[in-house]
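Enquirer: I'd like to ask you about the structure that follows.
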Amino acid sequence: MKKKIKIAVVLLMALAAFSPKPVYAQEAEAPAAPSAPIPFEVFLGKDGFTSQLIVDKKFVGINKFGLFGLSFLKADYDNEDFLRESINMAVLKYDVVKNVSVVGGALFNSNWGFRPYAGAQYGYHSRTFMGVLSSGFHLTATHNFESLAIVEYRPQLKDAWSLYTRAQGLYSHLTETGKHDRSFLYSRLGVSYKTVSFGAALNYDWYGNGPMKIENHQWGIFISTILN
């Protein structure tokens with residue numbers, strides 16, 4: 001009998017948790033915190049192309065928790081090995097104070113594979129401005145210190161048109177050797193019509209250090225859109 005009562009209680013709790021309507025009267029839930037849009041971009045340069053998708057979302061009903069993800073792909077038209085790269089980042093966020101979060105998750109790079117990651121992030125979003133700064137350490141023997149910064153400004157020009165500017169940089173530092181590992185600086189200048197942006201672009205990429213350092217600089221065009 002006690003076992004049946006326990007089962008009934010568990011079923012009632014599950015029903016209350018997943019029911020679309022509350023079983024008992026309760027206070028109205030606080031509105032969800034605003035989340036950033038999901039931008040997707042393609043860059044076409046003289047030697048190759050890149051694509052990038054960024055996700056920065058809050059969990060529904062748990063506004064202090066969120067997810068930040070970045071997926072970056074770089075390829076060469078002639079399939080040169082050093083110009084083929086995939087960078088992926090997925091971290092959970094917990095807001096400590098307004099716009100500042102601690103983050104933990106993982107990175108994946110096509111050159112060195114999977115690495116756990118922990119750090120902190122500052123993010124700000126408005127109708128015309130977006131800024132993100134994420135810094136932390138790879139929790140592996142290399143102990144890379146890595147920072148990613150993204151700044152976007154799109155003031156309105158006329159009606160549905162606006163100016164579009166963006167700068168994005170990455171710097172990864174090998175703490176054991178005190179040397180540069182990987183970095184890039186990407187800049188964009190164009191216009192936006194509603195949720196579509198396009199214009200001129202410049203990509204600067206650096207790999208390694210010393211005499212083995214590889215640089216790749218490309219001019220090109222970009223087109224981006226908002227997926228939500």
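Enquirer: Quick one: K194 ticks every box in (1) at positive phi; (2) modelled with pLDDT under 90 except a single one, so which number is it?
Expert: The one condition K194 does not meet is (2).
Enquirer: In contact with a Leu (Cβ under 8 Å, 6 or more places away or on another chain) and under 24 Å from N88 (Cβ atoms): does that describe L133?
Expert: yes
Enquirer: Within the set of pairs 6 or more residues apart or between chains, which connect a residue that is at positive phi inside segment 50-69 to a residue that is surrounded by 19 or more Cβ atoms within 10 Å (Cβ to Cβ) and among the charged types (D, E, K, R) with Cβ atoms less than 8 Å apart?
Expert: none
Enquirer: Just one of the numbered conditions (1) open to solvent by less than 20 Å² (accessible area, probe 1.4 Å); (2) under 28 Å from A200 (Cβ atoms); (3) among the small types (G, A, S) is not true of G66; which one?
Expert: Here G66 clears every test but (2).
Enquirer: So, T142, is that one over 24 Å from M89 (Cα atoms) and over 16 Å from the mean Cα position of the chain (by Cα) or not?
Expert: When the stated conditions are applied, T142 does not pass them.
Enquirer: Also: Considering segment 33-56 alone, what residues qualify as being assigned to a strand (DSSP E or B) and closer than 18 Å to V96 by Cβ? Spell out the reasoning first.
Expert: Of the residues in segment 33-56, the ones assigned to a strand (DSSP E or B) are 39-45, 48-56.
Listed by number, the list holds a single entry, D56.
Enquirer: Could you check segment 69-104 and list, in sequence order, the residues that are open to solvent by 50 Å² or more (accessible area, probe 1.4 Å) and of a type in the set (K, R)?
Expert: R84, K98
Enquirer: For segment 107-129, give me the residue count where each residue is over 12 Å from the mean Cα position of the chain (by Cα) and among the aliphatic types (A, V, I, L, M).
Expert: 2
Enquirer: Oh, and also: Hand me the list of strands (runs of 3 or more DSSP E) wholly inside segment 111-228 holding 2 or more residues that are open to solvent by 30 Å² or more (accessible area, probe 1.4 Å) and either under 18 Å from I54 (Cα atoms) or free of Cβ contacts under 8 Å to residues at least 24 places away in the same chain (or both).
Expert: Here the list reads 113-125, 129-138, 145-153, 161-174, 179-193, 196-207, 214-226.
Enquirer: Still on this structure, I have one more. Would you call D76 touching a helix residue (DSSP H, G or I) at 6+ places or on another chain (Cβ under 9 Å) and touching a residue at least 60 places away in the same chain (Cβ under 8 Å)?
Expert: no
Enquirer: Give the residues of segment 138-174 that are under 22 Å from P39 (Cβ atoms) and among the aliphatic types (A, V, I, L, M), sorted by residue number.
Expert: The answer is L148, A149, I150, V151, L157, A160, L163, A167, L170.
Enquirer: Within segment 77-110, which residues are over 20 Å from S51 (Cα atoms), in a strand (DSSP E or B) and polar (S, T, N, Q)?
Expert: S101
Enquirer: Further question on the same structure: Quick check on segment 19-29. Is at least one of its residues within 30 Å of the chain's Cα centre (by Cα) and at pLDDT below 90? Full working, then the answer.
Expert: As a first pass, look at segment 19-29 and keep what is within 30 Å of the chain's Cα centre (by Cα): 29.
Still in the list and also at pLDDT below 90: 29.
Yes - at least one qualifying residue is present in segment 19-29.
The values are calculated or read from the model by the stated rules, or taken from the named source; none is laboratory data. From a predicted model like this one, the values you see are computed outputs, not experimental measurements. Positions of Cβ are backbone-derived with ideal geometry, glycine not excepted, and every protein chain shown enters the neighbour counts. With ligands, DNA and RNA removed, areas are computed over all heavy atoms of the protein, side chains included. Shrake-Rupley method; radii C 1.70, N 1.55, O 1.52, S 1.80 Å.
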